[in-house]
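Chemist: Right, I'll just put the structure down here and ask away after.
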Amino acid sequence: MSFTWLRTFHAVALNRGFTTAARALGIGQPTVTTQIKALETAYGVELFERSGRRVELTDAGAALFALTKRIMSLRDEADELLSGHGALYTGHLRLAAVGPFHATEILAAFKREHPRISVSVVLGNS
């Protein structure tokens, strides 16, 4: 199963239409239609009841939509996690210093700038 199919299915279910889903995804409506058709064909299941421009979820579609809500939420969490680490919003800094006098001022400035990053310090001698 392709993640792209799931993402497209989720957009159609969320937006209740192929055209609005295409706009939300930034792709053409024929691409959305093709991806949904491929998903339905691959599993031999109908996910939407189509009536003109209106679409409603079938029972299978509603069950899949419940799953894709969780999948998209986890994808957003992963994006936030990686963005946070890349931008120094979250994480852990491990520092070794000869003595506390050398590191205290630097660590205080770092913590003011990056309050969500945890810090551990190991002190030793030269």
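Chemist: Restricting attention to segment 108-126, report how many residues are assigned to a loop (DSSP other than H, G, I, E, B) and either loosely packed, with under 10 Cβ neighbours inside 10 Å or over 28 Å from the mean Cα position of the chain (by Cα) (or both). Quick ask: steps written out before the conclusion?
Modeler: Residues of segment 108-126 assigned to a loop (DSSP other than H, G, I, E, B): 114-116, 124-126.
Now narrow it down to the ones that are either loosely packed, with under 10 Cβ neighbours inside 10 Å or over 28 Å from the mean Cα position of the chain (by Cα) (or both): 115, 124-126.
The number of residues fulfilling the criteria is 4.
Chemist: Does Val12 meet the test of being aliphatic (A, V, I, L, M), at pLDDT below 95 and surrounded by 14 or more Cβ atoms within 10 Å (Cβ to Cβ)? Step through it out loud before you land on a result.
Modeler: Values: aliphatic (A, V, I, L, M): yes; at pLDDT below 95: no; surrounded by 14 or more Cβ atoms within 10 Å (Cβ to Cβ): yes.
Taking the combined requirement at face value, the residue does not satisfy it.
Chemist: While we're on this one: Give me the residue from segment 38-56 that is in contact with a helix residue (DSSP H, G or I) (Cβ under 6 Å, 6 or more places away or on another chain) and surrounded by 15 or more Cβ atoms within 10 Å (Cβ to Cβ) and, out of that set, farthest from Asn15 (Cα to Cα).
Modeler: Leu39
Chemist: Same structure, new question: Within the group Arg23, Arg7, which residue is surrounded by 14 or more Cβ atoms within 10 Å (Cβ to Cβ), in a helix (DSSP H, G or I), free of Cβ contacts under 8 Å to residues at least 24 places away in the same chain and of a type in the set (Lys, Arg)?
Modeler: Numbers: Arg7 fails: free of Cβ contacts under 8 Å to residues at least 24 places away in the same chain.
Only one candidate passes the filter, namely Arg23.
Chemist: Now, a different point. Tally time: how many residues in segment 91-104 are over 36 Å from the mean Cα position of the chain (by Cα) and either among the β-branched types (Val, Ile, Thr) or at pLDDT 85 or above (or both)? Don't jump to the end; show me each part of the working.
Modeler: At the first step, the residues of segment 91-104 found to be over 36 Å from the mean Cα position of the chain (by Cα) are 97-104.
From what's left, either among the β-branched types (Val, Ile, Thr) or at pLDDT 85 or above (or both): 98, 104.
Residues that pass the stated criteria total 2.
Chemist: What do you reckon, is Glu46 assigned to a loop (DSSP other than H, G, I, E, B) and within 19 Å of Val32 (Cβ to Cβ)?
Modeler: Numbers: assigned to a loop (DSSP other than H, G, I, E, B): yes; within 19 Å of Val32 (Cβ to Cβ): yes.
Yes, satisfied.
The values are calculated or read from the model by the stated rules, or taken from the named source; none is laboratory data. Owing to the predicted nature of the structure, the values given are computational and were not obtained by experimental measurement. Cβ atoms come from the backbone with ideal geometry, glycine included; neighbour counts cover every protein chain shown.
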